Amino acid sequence: MAILAEVLAAQPILALFLAVALGYAVGQINIFGFSLGIGAVLFVGLAIGAIAPKAQIAGPIGLIGLTMFLYGIGILYGGQFFEGLSGPGRKYNLLAFVAVLASLVVALALGKLLGIDIGQTLGVFAGSMTSTPTLQAALDLIGGTASSIGYSVSYPLGVIGPILCFYLMTRAVQPTFPPEPARFHMGEITIDHLPEGVSTVGDLRDLLPAGVQVSGVRQDHRNSLPDDSVALRAGDGLLIVADRQAAIGEAAAVLGRLDPNRLGKDRSDLSYQRFFVSNAQLTATTLSNLPVPADIPFHVIHVRRYDVDLVPSPDLMLEVGDRVGVLVPVDRIRAARTLFGDTVKATAEFSYISVGLGMVLGVLLGLVPIPLPGVGTVTLGIGGGPLIVALVAGRLRRTGPIAWVMPLPANIVLRNFGLTLFLATVGINSGQAFLTTVMQTGPILLLVGAAVVLTAIFAILLVGHVILRLPFDDLLGVASGATGNPAIVVYAARMAPTERTNVAYAMIFPSATIVKVIGVQIAGLVLAG
């Protein structure tokens, strides 16, 4: 053990990546459906720091990792976050805001009552809320390792507590959820009669039910693309797509009858092809504004994004990583493939110009002093500046030639690797002090941590369910966003298997993070001063 400590002390970078490797391995251990996930990197780092106290990670490695994590989160959830500032999202954010502030008050009150150092108290709050940006704000304000120690002690409770509450709440409420409806349906119709006033494809578009589109026309034993000027008559065939199955039947009832595979069996004129969107120039470009050369006629009938099928609409923006299904003339397949790019390699690529510029703007925003009368000056810091800039960039998606968004796989790698570096650095640098503190005051810190996380969860679950009557899947998403750890929302999605859980999480997580970051600074300035 002494030899290992010497080796790690001589090569801190070895300690860093050892914490990463062993942390991910430990994080995959599953006990009754619970695992620490990426959070295990923190605890392995603490163990390494306790064994080799001289293996300190110097420099800004941890801060770089935190910035990468926050930037990835903001870019991914920017659009959903700003949508959540209107409609029911305002109510959800207000509920989370009150719950987070209540948990901070509980942390400060118990910390003062039990004589806990303010640095440790703020660290316990950050750990119970599993918020690494909040920990960094406390470290910037208080300094030392006290906040890191409090964070490390309470972090497991911040993950286990919400998951246990979700389990008990689900058992008590026993909610039911309808099966997730498919968003893409296709049908073929033979026209028996045309409604009055309809003579072309363009006329027909205005008559069809909402969410229904004409994607192909069959006339005189040949298939063609659905140009608005194409004249229709009885006996023609139509290929239509819709976002709900019932709409296919509604369209058939208006025009004639369903006639499966009438167009699909003939590919001599048009071929159905699926292309992978890897051309970065198409990012944040709507389907109606695709730069399609005149000699490459095609019609998009299907878009698959991540694991969801979408019916294309003129205002649907493409992203790198989308898979599009198109009808294209057989002799123009190669040209259409070139237009979209059609290479999987692009899923791991993103613009380093936009990422670098976005992080620069975020760090600069974090340095801007915000005066608070009677309190002092706070900043958004590394925990808030990059997140806010990334949220705005994620909403804008593109500014001139700069594409802010990135493929989901690349985003996941960026933010997970960044968070890993931060947690490993914090753990290794706090290991020795953590061991000493846990032996002396560990049970007290655990008690405070439990009270903090339960305050937030109970406030959201009880008020949201009993008073506000929130849908159960939204409720779990709000609670997950207020606490923050990704493992919590993953578990919540198993308890409430609808996409609304993830959407509510995206609405709440950014604003809850900013509230925690600023709240910790205000508390620290008032109490430490």
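Any read-out appearing in this document is the output of simple, stated calculations on the displayed coordinates, not a laboratory observation. All figures in this text were calculated on a predicted structure; none of them were measured in a lab. For neighbour counting, all protein chains shown are included, and Cβ atoms are generated from backbone atoms with ideal geometry for every residue, glycine included.
Where does the range 3-110 land on Rg(C-alpha)/(2.2 N^0.38 Å)?
In units of the globular-protein estimate, the range 3-110 measures up at 1.48.
Can you pull out the trypsin sites (Lys or Arg not before Pro) in the range 211-310 whose DSSP state is coil and whose Cβ has at most 14 other Cβ atoms within 10 Å?
ARG233, LYS265, ARG267
Given a Förster radius of 51 Å and the C-beta distance between VAL466 and VAL330 as r, what FRET efficiency does 1/(1 + (r/R0)^6) yield to the nearest 0.05?
0.25
Provide the FRET efficiency to the nearest 0.05 for the THR200-VAL308 pair, computing r from the beta carbons and using R0 = 35 Å.
0.60
Restricting to DSSP H runs of at least four residues, report the calculated mean residue ellipticity at 222 nm for the chain, -39500 (n - 2.57) per run over all residues, nearest 500 deg cm²/dmol.
Mean residue ellipticity, 222 nm, calculated: -19000 deg cm²/dmol.
Can you give me the distance in nm between label points at GLU349 and THR377, each placed 7 Å from the Cα along the Cα-to-Cβ direction?
4.4 nm
Separation of the range 356-433 and the range 58-81 by C-alpha centroid, Å?
Centre-to-centre (Cα) distance: 4 Å.
Roughly speaking, what is the centre-to-centre gap between the range 164-232 and the range 135-150 when only Cα atoms are used, to the nearest Å?
What the calculation gives is 55 Å, centre to centre.
Along each of the three principal axes of the Cα atoms of the range 1-58, give the extent in whole Å, ordering the values from largest to smallest.
39, 21, 13
Could you give the Stokes-Einstein D for the range 185-346 in µm² per second, using the C-alpha Kirkwood radius, 4 °C, 1.567 mPa s? All intermediate terms of the calculation are to be shown ahead of the outcome.
Values: Rh = 16.2 Å.
Translational diffusion coefficient: 80 µm²/s.
Below 8 Å between Cα atoms, with a sequence gap of 6+, how large is the relative contact order for the chain in percent?
Taking the mean separation of contacting Cα pairs over the length of the chain, I get 27 percent.
Please list, by residue number, everything in the range 468-496 whose backbone N is under 17 Å from a paramagnetic label point 7 Å out along Cα→Cβ of PHE97.
Those under the cut-off are 478-479, 481-483.
Give the dimensionless ratio obtained when the Cα radius of gyration of the range 52-136 is divided by 2.2 N^0.38 Å.
After normalising by residue count via 2.2 N^0.38 Å, the value is 1.42.
Report, ordered by chain and residue number, the aspartates and glutamates lying within cross-link reach of LYS345, taken as a straight Cα distance under 20 Å and ignoring same-chain residues fewer than 8 apart.
Within the straight-line limit of under 20 Å, LYS345 reaches these aspartates and glutamates: ASP307, GLU319, ASP322.
Given +1 on the Cβ of Lys and Arg, -1 on the Cβ of Asp and Glu, and no further charges, what dipole in debye does the chain carry about its Cα centre, rounded to the nearest 20?
940 debye
Quick one: Debye curve from the alpha-carbon atoms of the range 407-529 only, equal weights, vacuum; give me log10 I(q)/I(0) at q = 0.10, 0.13, 0.18 Å⁻¹ to two decimals.
Each listed q maps to, in turn, -0.44, -0.74, -1.20.
What does the net charge come to around GLU250 if you take all other residues with beta carbon closer than 14 Å to its beta carbon, with K and R at +1 and D and E at -1? It would help to have the intermediate numbers written out before the result.
Numbers: positive: ARG244, ARG257; negative: ASP243.
Here the count lands on +1.
Given R₀ = 25 Å, what would the calculated FRET efficiency be for LEU396 paired with LEU525, taking r from the Cβ atoms and rounding to 0.05? Intermediate results must be reported in sequence, preceding the final value.
On the way: r = 33 Å, r/R0 = 1.34.
It comes to 0.15.
Give me the one-decimal Kirkwood hydrodynamic radius in Å for the chain, with the sum taken over alpha-carbon pairs. Could the numbers behind the result be given before it?
On the way: mean 1/r = 0.0390 Å⁻¹.
Result for the chain, one decimal place: 25.6 Å.
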